[in-house]
Structures are given as C-alpha cells and as structure tokens.
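Asks: Below you will find the structure I want to go over with you.
Values quoted throughout were computed directly from the atomic coordinates according to the rules given, and no laboratory measurement underlies them. Everything numeric here is computed off the predicted structure, so don't read it as measured data. Here Cβ is always computed from backbone atoms with ideal geometry, including for glycine, and neighbour counts include all displayed protein chains.
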Amino acid sequence: MKLDWKTCFRICISVFCLYLFMYYWEGVSNLLGTFISALSPLLLGLVIAYVLNILMSRYEALYFPKRRDGWVLKSRRIVCLLAAVVTLVAIVALVIGLVVPELLSCVKLLMEEVEPALEKLLHSQVAAQIVPADLLQKLDAVNWGDAIDKAIKMIASGLGTAAGALFSTVSSVISSVVNCFLSIIFAIYLLLDRDHLQQQGRRLMNGYLPKTFNQKLTHCLQVLNDCMHKFIVGQCAEAVILGVLCIIGMTIFRFPYAMMIGTLIGFTALIPIAGAYIGAGVGAVMILTQSPVKALLFLVFIVVLQQLEGNLIYPKVVGNSIGLPALWVLAAITVGGSLMGISGMLLGVPIAAALYRLLREDLQKREAKQ
C-alpha cells in the first residue's frame with residue numbers, strides 16, 4: 001500500500017485520539033454513562049417498539065390481508081397496533097394478577113409461622129442434643145412473638161427516620177414511571193411512522209455510505225434482525241411450553257399453587273437457562289408455607305423438567321430457529337450476563353447467533369474461492 005501524506009496524517013490523528021480516549025477513560029466513561037442515561041427512555045422505547053412490532057406484524061397479516069385500499073388500508077396500522085398493545089398489557093397484567101397476591105399472602109403466612117417454628121425447634125430432640133441446657137432455658141424464656149414485633153418495629157422506625165433515602169426512593173420511582181411512559185409514547189410514534197422512518201434510513205445510508213460498505217452493513221442488520229426476531233418468538237414459545245408443562249406436572253403431583261407457579265415459571269423462562277430456576281426458587285418458598293416435603297419434591301420436579309426442557313425442547317424451539325449450537329448459546333448467556341446482567345443474557349444469544357451466521361457465510365465464501 002502506498003503511503004502518502006494524507007494517509008500518514010489520518011493514522012497520526014487516529015493514534016492521538018486513541019491515546020486521549022485511553023488516558024481520559026474515566027471522564028469519557030462518565031460522559032458516555034450520562035449520555036446513555038439521558039437516552040434511556042428512547043432506548044427502552046426502541047425495545048418496546050421492536051417487541052410490539054412482532055405482534056403488530058402478525059395482526060397485520062390477519063387483518064384483511066387481501067384488501068389493499070379503502071378503510072382497511074387506513075385502519076390497519078392503528079387497529080393492529082392497538083391489538084398488539086392490548087395483548088402485551090393483558091399478558092403482563094395476567095402474570096401480575098396471578099403471582100403478586102399469592103406471593104404476598106405466602107410472605108404473610110411465613111411471618112406468622114416463624115414464632116411456632118422457633119418454639120418447636122427449641123423443644124425438639126435435635127436442639128436438646130446440640131445446644132447447651134442453660135442456653136436452651138434462656139431461649140425458651142424469650143417471648144419470640146414480642147421479639148419479632150420489636151425487630152419489625154425497629155426496622156420500620158429505622159426506615160422511617162431515613163427521610164432522605166425515602167425521598168430518593170420516591171423520586172426514583174416517579175422518574176422510572178415517567179421514563180416508562182415516555183418510552184411507550186415514543187414506541188407508539190415509531191410504529192405509526194414505521195414505513196417512513198425505514199425509507200429515511202435507507203436514503204441516509206445510500207447517500208452517505210460507500211456502496212460496498214452499505215451493502216455489507218445492510219446485510220449484517222438484516223441477519224441481526226432475523227436472529228433477534230426468531231429468538232424472541234422461539235423464547236416466548238418455549239416459555240409457554242415450559243409453563244404449561246409445569247402446570248400439568250404440578251396438577252398431577254398435587255402441588256399447591258399450580259396455576260400461579262406455572263405462570264411465574266413460564267414468565268421467568270423468558271430469561272434463557274437461568275430464568276426457570278429463579279421462578280422455581282420463588283415457587284419453592286411459597287410451597288414451603290404448605291409443606292416442606294412438597295417444597296423439596298417440587299425442586300426435584302423442576303430440576304427434572306428443566307433437564308427435559310434444556311435437552312429436548314429448547315434446542316428444537318430456540319436453538320434450531322436461530323442456528324446457534326448449544327455450546328455457544330451457553331457461552332453467549334454467560335458473557336452477556338457478566339457484562340450487562342439480565343439484559344445481556346437476553347441480547348447475548350441473538351447477537352452471538354448473528355455473528356455465528358455471518359462468520360459461517362464469510363467462511364463459506366472463502367472456501368469456495370480456494
């Protein structure tokens with residue numbers, strides 16, 4: 001490659017900018033964090049719009065698909081968008097309505113059972129063999145009901161005096177609600193003006209990017225969109241299957257809270273691999289209020305069901321749909337979760353699938369030329 005003064009100048013500028021970026025990394029990272037925080041409502045709006053667009057596209061395919069004119073064409077976008085929003089809100093409301101009341105009642109029941117459980121433990125033979133007799137007498141003399149009430153009041157009074165923390169929490173909640181509302185409004189505007197925005201994006205890319213680079217970038221975005229779409233659809237289908245199987249299994253083995261726990265496990269199964277275990281932990285605590293033995297058997301049941309789902313259902317429903325081997329699915333979830341938490345676990349699999357497909361396509365082209 002011939003080096004002229006323009007190329008040397010660009011290299012020097014690039015190296016200098018890289019040096020400044022690394023030397024002032026703390027300030028740059030703070031600036032980027034502030035910028036991303038300011039854009040968080042818009043980024044959340046993009047995520048909501050993308051998920052709603054999947055439902056909206058399905059409804060558009062069902063809403064008088066052969067009619068291309070008249071009132072159908074004018075109303076298709078709005079009607080299908082409203083149907084998608086109602087569907088998503090109904091799903092979230094159903095999960096909250098089934099889970100939250102039962103969870104609160106179980107927590108209340110656990111608090112009521114703490115005192116009898118402690119009394120029973122202190123008078124058991126195991127405690128008599130392990131704990132010294134004088135210590136047992138002192139513990140037996142304690143009024144555990146009053147002690148628990150005092151501990152709760154102490155915690156409550158401590159929280160009550162923390163006015164600054166309370167104000168900060170309230171402000172944070174209000175800010176989150178406002179940001180969520182702005183994100184939903186932004187998502188609705190994006191979906192209503194979807195075609196026009198896509199056309200503007202194509203014009204910008206065609207006008208400012210080199211033709212070859214534009215084609216490659218467009219192909220990469222198409223592959224990423226396809227992997228993301230298939231991952232979301234497959235993950236939702238897999239979550240529904242797992243939730244239904246959990247409800248059926250719990251009903252057969254007569255575990256309590258079958259409908260509620262099955263719904264919770266299906267909802268948390270949207271998080272790849274680890275999600276079902278999170279729901280299982282909450283379910284085990286709830287069943288513990290009815291029977292410790294059933295709670296233990298429930299955990300065994302979930303482990304068996306998760307193995308069945310991970311080895312048979314998940315590879316067929318999600319793994320094959322995105323074309324990513326199970327090893328790389330696990331690697332993507334691990335790396336994504338370490339970098340970005342739950343959101344990283346959700347984004348890691350489709351991004352890894354897109355990179356895997358692009359690398360495979362490039363490798364096949366190189367092998368064909370040899």
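Asks: Could you work out the Kirkwood radius for segment 211-370, taking every pair of different alpha carbons, averaging 1/r and inverting it, reported in Å?
Replies: For segment 211-370, inverting the mean 1/r across all distinct Cα pairs yields 17.1 Å.
Asks: Can you put Cys80, Cys220 in order, fewest other beta carbons within 10 Å first?
Replies: Going from sparsest to densest Cβ surroundings: Cys220, Cys80.
Asks: How much length is gained on full extension from Ile11 to Asn30, taking 0.36 nm per residue of separation minus their Cα-Cα distance?
Replies: 4.2 nm
Asks: Quick one: Met228, Met340, Met56, fewest Cβ neighbours within 10 Å first, how do they rank? The partial results should precede the final answer.
Replies: Details: Met228 20, Met340 13, Met56 24.
Ordered by Cβ neighbours within 10 Å, fewest first: Met340, Met228, Met56.
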